[in-house]
1. Modelled with pLDDT of 85 or more, out of contact with any helix residue (DSSP H, G or I) (no Cβ under 7 Å at 6 or more places or on another chain) and not assigned by TED's automatic domain parsing to the domain that holds residue 269: which single residue out of 12, 108 fits that description?
2. Residue by residue through segment 6-27, note down the ones that are part of a strand (DSSP E or B) and surrounded by fewer than 19 Cβ atoms within 10 Å (Cβ to Cβ).
3. Keeping to segment 31-61, report how many residues are under 28 Å from the mean Cα position of the chain (by Cα) and not in a helix (DSSP H, G or I).
4. Looking only at segment 312-341, count how many residues are buried (at least 19 other Cβ atoms within 10 Å of the Cβ), near ligand 1 (Cβ under 8 Å from one of its atoms) and in a loop (DSSP other than H, G, I, E, B).
5. Only residues in segment 318-336 that are over 15 Å from residue 186 (Cβ atoms) count as the first member; pair them with residues that are near ligand 2 (Cβ under 9 Å from one of its atoms) and part of a loop (DSSP other than H, G, I, E, B), Cβ under 9 angstrom, at least 6 apart or cross-chain, and list the lot.
6. Quick check on segment 222-233. Is at least one of its residues within 16 Å of ligand 1 (Cβ to nearest atom), in contact with a helix residue (DSSP H, G or I) (Cβ under 7 Å, 6 or more places away or on another chain) and more than 11 Å from residue 289 (Cα to Cα)?
7. On the basis of being surrounded by 13 or more Cβ atoms within 10 Å (Cβ to Cβ) and assigned to a loop (DSSP other than H, G, I, E, B), does residue 84 make the cut?
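The values are calculated or read from the model by the stated rules, or taken from the named source; none is laboratory data. Everything numeric here is computed off the predicted structure, so don't read it as measured data. Cβ sites come from the backbone with ideal geometry, for glycine too, and all protein chains shown count toward neighbours.
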Ligand SMILES: Nc1ncnc2c1ncn2[C@@H]1O[C@H](COP(=O)(O)OP(=O)(O)OP(=O)(O)O)[C@@H](O)[C@H]1O
Ligand SMILES: [Mg+2]
């Protein structure tokens with residue numbers, strides 16, 4: 001199979017594994033991700049029978065036959081691959097006939113972690129949108145009547161007996177508390193475009209670390225694993241501080257033992273692109289900033305919900321921290337994903353780099 005160099009480099013940039021299988025079930029092409037999945041090089045695998053790299057009796061073999069016979073595409077989800085060559089993986093797969101030669105079929109294999117990541121990234125985008133709508137309504141519908149209630153309670157306070165004044169004071173204090181909660185939410189209805197400037201991620205992390213060490217993360221050890229040549233972020237300095245402060249605060253609050261550790265990590269990933277369904281444009285999100293903690297982990301029952309507003313497992317939490325993080329990252333055109341188990345939770349933020357550096361970069 002002759003594939004032009006350009007097409008090869010496109011296929012090699014994909015996270016999913018692409019394999020082409022010929023009429024005698026021989027592998028006639030595979031991209032880099034497929035080489036990694038099957039733990040073998042191009043030269044070893046080209047020409048081998050697909051049966052020899054997949055588990056015996058794998059449903060994928062039947063699906064390949066089906067596509068060869070019917071020439072229509074099929075998909076299947078949650079297939080387990082476990083062979084000496086392939087470390088145990090759960091994958092989703094799409095098999096399509098090759099239009100130019102229907103005897104050949106193309107396998108597009110997504111490992112579940114990629115599929116899960118995309119699901120999670122979409123969850124945080126949806127959460128950010130729903131909170132934006134709620135926030136703009138609440139601002140109007142609650143704050144106005146609330147100031148009326150508070151005013152009435154203050155008036156009442158001037159003409160009642162001293163022992164009852166405590167109650168009118170309670171109404172005033174609680175009204176103030178609701179108002180400040182709504183003020184926190186109003187930031188969600190801020191639709192101004194993000195101020196774009198070149199921002200040094202390490203300076204942002206330094207600042208956030210300093211604030212945290214003097215507040216929420218007093219007894220926690222910070223470990224920095226920085227890529228010193230990291231390009232600048234294209235973003236808003238103050239909002240980036242808010243994003244990482246919330247993530248570090250959550251990391252610190254999840255640690256309930258004396259050996260608390262938070263790892264701040266930055267890395268540059270080539271070719272990380274992210275596109276939204278229905279949106280043709282692709283964002284280049286090569287800057288990866290992760291916050292890892294050794295705390296209790298995200299409660300399992302909250303896994304799908306943590307980016308929603310008011311979802312909290314803390315007695316004094318508002319559940320607005322991650323909803324705000326999701327909104328700000330969404331405004332930056334970035335992406336957010338997390339992976340959590342007890343003792344190891346990582347929140348990974350993917351961000352665009354500043355335009356000047358994109359122009360300087362040779363792709
Ligand atoms: N690093 C983490 N480790 C474990 N659980 C986490 C972590 N980050 C978030 N969570 C879970 O996600 C929930 C939602 O987090 P979020 O920041 O939105 O709200 P909160 O921290 O509970 O309240 P607030 O941020 O308003 O103080 C938390 O209550 C917690 O259960
Ligand atoms: Mg929080």
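1. 108
2. 18, 26
3. Here the count works out to 3.
4. 1
5. 319/312; 321/312
6. Quick first cut of segment 222-233, residues within 16 Å of ligand 1 (Cβ to nearest atom) only: 222-223.
Those still in the list that are in contact with a helix residue (DSSP H, G or I) (Cβ under 7 Å, 6 or more places away or on another chain) too: 222.
Now restrict to residues that are more than 11 Å from residue 289 (Cα to Cα): 222.
Yes; the residues of segment 222-233 include at least one that is within 16 Å of ligand 1 (Cβ to nearest atom), in contact with a helix residue (DSSP H, G or I) (Cβ under 7 Å, 6 or more places away or on another chain) and more than 11 Å from residue 289 (Cα to Cα).
7. no
Table: residues versus (1) assigned by TED's automatic domain parsing to the domain that holds residue 238; (2) over 23 Å from residue 211 (Cα atoms); (3) modelled with pLDDT under 85; (4) within 16 Å of ligand 2 (Cβ to nearest atom).
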| position | (1), (2), (3), (4) |
| --- | --- |
| 263 | yes, no, no, no |
| 271 | yes, yes, yes, no |
| 283 | yes, yes, yes, no |
| 298 | yes, yes, no, yes |
| 305 | yes, yes, no, yes |
| 323 | yes, no, no, yes |
